[in-house]
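Enquirer: What follows is a structure written as structure tokens; I'll ask about it next.
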Amino acid sequence: MIFCSRREFVRTAGLGAAALFAPRFATAAQTDRFELYNRKDDISETNNLAARMPDKMKELNAPIEQFLKDTQAVVPKPNPDFSQRGREV
């Protein structure tokens, strides 16, 4: 498994995220949502399986949660006043 945590990784407006890459699945835990992809069958990561595979999501999210706890990481929270308008890259 490969684990990474960085702000630039996410496809959202500067929110923090952590990702875990396992042999078949990849998961991303972001401050506003979870993503789970089957890397073997969906290489472009277009079919988010998080809602359909909650047990797999929990399994792969556990090491992320443990890392955040062990390192006492500060997890950013979404700014309710943030507007994406005009910020598209």
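Enquirer: For the stretch 32-43, what are the residues that are surrounded by fewer than 15 Cβ atoms within 10 Å (Cβ to Cβ) and touching a residue at least 24 places away in the same chain (Cβ under 8 Å)?
Expert: Asp32
Enquirer: Pairs only if they're at least six apart or on different chains, beta carbon under 9 angstrom, first in the stretch 44-72 and on the phi < 0 side of the Ramachandran plot and surrounded by 13 or more Cβ atoms within 10 Å (Cβ to Cβ), second in a helix (DSSP H, G or I) and among the basic types (Lys, Arg); list them, first residue then second.
Expert: Taking only residues 6 or more apart or on different chains, the pairs are Leu49/Lys56; Ala50/Lys56.
Here, each number is a calculation from the coordinates, and none is a lab measurement. What you see is a predicted model; the values in this text were computed from it and never measured. Reconstructed Cβ throughout: ideal geometry from the backbone, glycine too, with neighbour counts over all protein chains shown.
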